[in-house]
Each structure stands twice: as C-alpha cells, then as structure tokens.
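S.K.: I'd like to ask you about the structure that follows.
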Amino acid sequence: MEKPRILAQATVELLEKGPAESVWEVEVWGGPDGGEEHRRVYTIAGKTDNNAAHEGIRQFCIEVENLSTNVSERN
C-alpha cells in the first residue's frame, strides 16, 4: 500500500534565544492530500527558524502517516 501524500504548513515563534541553538514553538497543520484536519504544536530546539520548521513538519508527517495507516488497517 502506498503512503498517503501529506501536505503541511507551519508557523514558527521564537521562545528562547540561545548561543548555539534557540527554542522554537512550531505549529503545523495539514493532512493527507492537502486536507487541514490535523494540527500539532511542537517545542523544538534548532539553530534557525527554518531548521525548527523543517523538523516540526517532519514529525507531523510521521504522525499523520501513522494515523492514516492505522485507519486504513481497521477498514
């Protein structure tokens, strides 16, 4: 079975500036094939806001893929 395509967007807010890495709040929303039925908020340490956003989206996609797989297996 093919994995669903997950489309997601993120916003990033600086929580704490650090010398090497900062702490960011990353809000991600989206879902399979562009649906917006899922929303998550992550606290992520990263060098830049782009790094934090990328990691947040990566984690989100893993979670949503697992949700979609579990629903498919039950049907």
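S.K.: Report, by residue number, each residue of the range 1-37 that is in a loop (DSSP other than H, G, I, E, B) and surrounded by fewer than 13 Cβ atoms within 10 Å (Cβ to Cβ). Steps first, answer last, please.
M.R.: Residues of the range 1-37 in a loop (DSSP other than H, G, I, E, B): 1-5, 17-21, 33-37.
Across the range 1-37, the qualifying residues are Met1, Glu2, Lys3, Arg5, Lys17, Gly18, Pro19, Ala20, Asp33, Gly34, Glu36, Glu37.
S.K.: Can you tell me which residue in the range 31-75 is farthest from Gly18 (Cα to Cα), limited to those that are among the polar types (S, T, N, Q) and at pLDDT below 95?
M.R.: Only one residue fits best here, namely Asn75.
S.K.: So Arg5 fits all but one of (1) touching a helix residue (DSSP H, G or I) at 6+ places or on another chain (Cβ under 6 Å); (2) modelled with pLDDT under 95; what number is the exception?
M.R.: With (1) touching a helix residue (DSSP H, G or I) at 6+ places or on another chain (Cβ under 6 Å); (2) modelled with pLDDT under 95 applied to Arg5, the lone miss is (1).
The values are calculated or read from the model by the stated rules, or taken from the named source; none is laboratory data. Worth saying up front: this structure is predicted, and the values here are computed from it rather than measured. No Cβ is skipped: glycine too gets one built from the backbone with ideal geometry, and neighbour counts run over all protein chains shown.
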